[in-house]
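Right, one structure below, let's go through it.
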Amino acid sequence: MKVHAIQTGFVRIKRAQAKGRGHGLARRLAVFTDRHWTDWLPTYAWLIEHHEGIIMVDTGQGAHLLETGRSLHPYVRWEVVFRIEREEEIGPQLRALGIGSRDVKRVVLTHLHMDHDGGLAHFPLSEILVSRREFDAARGWAGRVRGYLPQRWPPWFDPVPLDLGVERVGPFIASRLTADGAVVAVATPGHTAGHISVLAHDGDITFFLAGDTSYNQDLMLAGQVDGVSTDEDVSRATLGAIQHLARKHPTVYLPTHDPQSAVRLASKVKALPQTVEEHKS
Ligand SMILES: [Zn+2]
């Protein structure tokens with residue numbers, strides 16, 4: 001098995017979104033009042049080569065996101081800026097690697113924010129998996145009010161709902177994505193209530209494809225909730241569960257927008273050293 005990082009352009013958000021400020025409603029309003037932007041952050045999609053077939057985790061940005069300045073939604077219009085060329089979309093990049101849309105067996109979406117489902121149009125022939133809770137939150141007018149862009153989904157988009165809880169991986173409820181259990185989806189609620197992450201177990205190492213569970217590794221290790229999560233306690237519990245896993249098991253943590261994710265993937269840099277268990281003889 002091999003995991004590849006594919007960058008689909010850049011995004012800038014408010015600093016108060018990456019690292020939440022204050023609590024409750026004040027934390028969520030700070031995203032709108034903060035005048036400071038992050039640097040340009042990468043938006044990664046992930047390709048997993050597995051003997052059962054290629055699995056994509058997220059689809060990255062689409063060039064249509066350059067038009068968000070005309071959106072009626074205040075977050076979409078004012079609080080996020082994208083940079084991407086058409087040839088940086090996931091489809092052309094996969095073709096450059098010799099991978100056609102027919103070759104991608106499955107696409108798993110960590111959540112349905114616009115920079116994760118923005119490349120869906122490139123996968124008309126793949127099975128697409130979305131957590132049931134996430135899909136229900138994102139669809140229709142209610143989804144548009146929440147800042148999703150369901151009107152941008154391809155007309156054929158009809159994902160297979162993913163229900164987690166059949167299995168467990170460490171502290172997480174999980175569901176297998178491959179028969180051998182090497183690739184699993186785990187529930188990582190917080191950033192959105194239906195957010196999932198994908199774990200790819202490769203020998204001793206687990207690659208933790210974290211979506212927007214946090215915007216970078218330092219924020220995860222600090223247990224720092226972002227500015228858009230609806231429930232701080234749920235977010236904090238998820239970040240704590242990731243730390244717990246990373247302490248028990250060699251884990252390479254790979255958030256979508258962490259500028260260091262591709263380097264950590266290539267060099268298999270673990271999030272934390274493993275705690276030594278005391279054995280009684
Ligand atoms: Zn997101």
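The values are calculated or read from the model by the stated rules, or taken from the named source; none is laboratory data. What you see is a predicted model; the values in this text were computed from it and never measured. FYI the Cβ positions are ideal-geometry reconstructions off the backbone, even for glycines, and counts take in every protein chain you see. To get the accessible areas, we keep the full protein, side chains included, count just its heavy atoms, and leave off ligands, DNA and RNA. Shrake-Rupley method; radii C 1.70, N 1.55, O 1.52, S 1.80 Å.
Structural remarks
- Just so you know, the Rg over Rh for the range 54-99 is 1.09, from Cα atoms, with Rh as the Kirkwood radius.
- Estimated FRET transfer efficiency when R0 is 45 angstrom, pair Gln274-Val160 (beta carbons, to 0.05): 0.80
- Size-normalised alpha-carbon gyration radius of the chain, reference 2.2 N^0.38 Å: 0.95
- Percentage, to the nearest whole number, of Cα pairs in the range 147-233 over 18 Å apart: 54 percent
- For the listed residue pairs Lys14/Lys105; Lys248/Lys268; Lys14/Lys248, the alpha carbons are over 25 angstrom apart in Lys14/Lys105; Lys14/Lys248.
- Across the accessible surface of the chain, with the other protein chains kept in place and a 1.4 Å probe, carbon and sulfur atoms take up 52 percent.
- For the chain, the relative contact order comes to 17 percent (Cα pairs under 8 Å, sequence separation of at least 6).
- Excluding ligands, DNA and RNA, the accessible surface per residue across the range 1-155 is 49 Å² with a 1.4 Å probe.
- Calculated [θ] (222 nm, deg cm²/dmol) that DSSP helices of n ≥ 4 give over the chain, each run adding -39,500 (n - 2.57): -6500 deg cm²/dmol
- Charge context of Leu272, other residues only, Cβ under 14 angstrom, K/R +1, D/E -1: +4
- Set of aspartates and glutamates near Lys2 by C-alpha distance (under 18 Å), chain-local residues within fewer than 8 positions excluded: Glu49, Glu52, Asp58, Asp103, Asp180, Asp202, Asp204
- Evaluated at q = 0.11, 0.22 Å⁻¹: base-10 log I(q)/I(0), Debye formula over Cα of the range 199-268: -0.24, -0.93
- Theoretical FRET efficiency, 1/(1+(r/R0)^6), r = Cβ-Cβ of Glu67 and Ala237, R0 35 Å, to 0.05: 0.45
- Only one residue of Gly170, Thr188, Leu149 has its Cα farthest out toward the positive end of the dipole of the range 129-190, where Lys and Arg carry +1 and Asp and Glu -1 on Cβ, and that residue is Leu149.
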